[in-house]
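Reading through the structure tokens given below for one structure.
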Amino acid sequence: MTLPPLHEDLVFHGPMSSYRADLLVRSLAPLDGAHVVDLGCGWAELLLRTVAAGATGHGIDLDADAIAHGRKLASERGLSDRVTLEAGDASTWSGSADVLIVNGSTGLWGGDPVTHTVNALEAGRRFLRPGGRLLLGEGFWEREPTPEQLAAMPVPREQYGTVADLVDLAMAHGYRLLWLSQANQDEWDEFESGHAIARERRLLTHPSDDEVRARADRQREWRLKGWRGVLGMVYLTLVVPS
Ligand SMILES: C[S@@+](CC[C@H](N)C(=O)[O-])C[C@H]1O[C@@H](n2cnc3c(N)ncnc32)[C@H](O)[C@@H]1O
């Protein structure tokens, strides 16, 4: 399928604005000299902003095109000597970090979706030293989904709870909460529209591309009859106590 890569229409591969990214980078301080590892980094926009704030970085993503774009961004910003970006499976990574980012990518360890959040919380406990920070970007139910909404989207009800449930789960894994920030509707709409627009443009020039039409229609249904205003995204900055 000939579609331009997502990064042509989006700054972040998630419902995130530059304003929120700045808040989150600040919440991760001190970054000067810190080592930040981003698992499922996409094209690494957030990781690169931590590196610009003084950190060294390592990002891993399965998507080789996204990694190539991240390397180009790093080079354009003069950050290439302080960040490495790797195309590969982040689920096998092990090592230590001052900051671990798992943003919208808790599914990278696979398994039942109900276990995804816990997998990321456990990874943070394995790889972070006391004082280390985990930036966890994870879904939650902004509203209880109706049976009709649940039927319209490929997300099991049990995968997520409320924000309070998510913070309780993090506390139960031994973290303290440094910062909490939640994607707003504009950020969600930008993210979803960024997915949609390339497909719709393609259909204007190739109206018989049935595969692209099916994907565009499916995403619109998921979005408008399923998760819009119902599924939220929250960013928690968690710290491992000393
Ligand atoms: C919603 S995107 C989030 C990207 C990035 N964290 C951001 O916020 O811009 C999820 C990313 O996880 C990546 N991913 C999924 N499974 C992975 C795995 N096993 N190893 C590495 N990356 C993975 C996908 O390729 C995708 O780029």
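Among the residues of the range 63-103, the one identified as in contact (Cβ under 8 Å) with a residue 40 or more places away in the chain, under 19 Å from the mean Cα position of the chain (by Cα) and loosely packed, with under 15 Cβ neighbours inside 10 Å is 65.
Among the residues of the range 224-236, just one is free of Cβ contacts under 8 Å to residues at least 60 places away in the same chain and in a helix (DSSP H, G or I), namely 224.
Is it the case that some residue within the range 57-70 is in a loop (DSSP other than H, G, I, E, B) and either modelled with pLDDT of 95 or more or more than 15 Å from the ligand (Cβ to nearest atom) (or both)? Looking through the range 57-70, at least one residue is in a loop (DSSP other than H, G, I, E, B) and either modelled with pLDDT of 95 or more or more than 15 Å from the ligand (Cβ to nearest atom) (or both). If you go through the range 29-42 and keep only what is within 7 Å of the ligand (Cβ to nearest atom) and assigned to a loop (DSSP other than H, G, I, E, B), you end up with 40, 41, 42. Restricting the range 43-56 to residues that are in a loop (DSSP other than H, G, I, E, B) and out of contact with any strand residue (DSSP E or B) (no Cβ under 9 Å at 6 or more places or on another chain) leaves a set whose member that is farthest from the ligand (Cβ to nearest atom) is 54.
Here's the yes/no breakdown for (1) within 16 Å of the ligand (Cβ to nearest atom); (2) part of a helix (DSSP H, G or I):
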{"residue": "139", "(1), (2)": "yes, no"}
{"residue": "143", "(1), (2)": "no, no"}
{"residue": "148", "(1), (2)": "no, yes"}
{"residue": "153", "(1), (2)": "yes, no"}
{"residue": "165", "(1), (2)": "no, yes"}
{"residue": "168", "(1), (2)": "no, yes"}
{"residue": "177", "(1), (2)": "no, no"}
{"residue": "181", "(1), (2)": "yes, no"}
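Being outside any strand (DSSP E or B), under 15 Å from residue 136 (Cα atoms), of a type outside the set (Lys, Arg) and touching a His at 6+ places or on another chain (Cβ under 8 Å) is the requirement here; does residue 108 meet it? So residue 108 does not fit the description; no. Quick check on residue 78: is it of a type outside the set (A, V, I, L, M), closer than 21 Å to residue 96 by Cβ and either assigned to a loop (DSSP other than H, G, I, E, B) or away from the ligand (no atom under 16 Å from the Cβ) (or both)? For residue 78, the condition - of a type outside the set (A, V, I, L, M), closer than 21 Å to residue 96 by Cβ and either assigned to a loop (DSSP other than H, G, I, E, B) or away from the ligand (no atom under 16 Å from the Cβ) (or both) - is not met. Of all the residues in the range 101-122, those that are among the hydrophobic types (A, V, I, L, M, F, W, C) and within 12 Å of the ligand (Cβ to nearest atom) number 5.
Can you name the residue in the range 104-140 that is crowded, with 16+ Cβ neighbours inside 10 Å and of a type in the set (S, T, N, Q) and, of all such residues, is farthest from residue 187 (Cα to Cα)? Of everything passing the filter in the range 104-140, 119 is farthest from residue 187 (Cα to Cα). Condition (residue is under 25 Å from residue 124 (Cβ atoms), surrounded by 13 or more Cβ atoms within 10 Å (Cβ to Cβ) and without any contact (Cβ under 8 Å) to a residue 40 or more places away in the chain) applied to the range 206-223: is it met by at least one residue? No, the range 206-223 has no match at all.
The values are calculated or read from the model by the stated rules, or taken from the named source; none is laboratory data. Predicted model only: the values in this text are computed from it and were never measured. Counting neighbours? That spans all protein chains shown, and the Cβs are built from the backbone with ideal geometry, glycine included.
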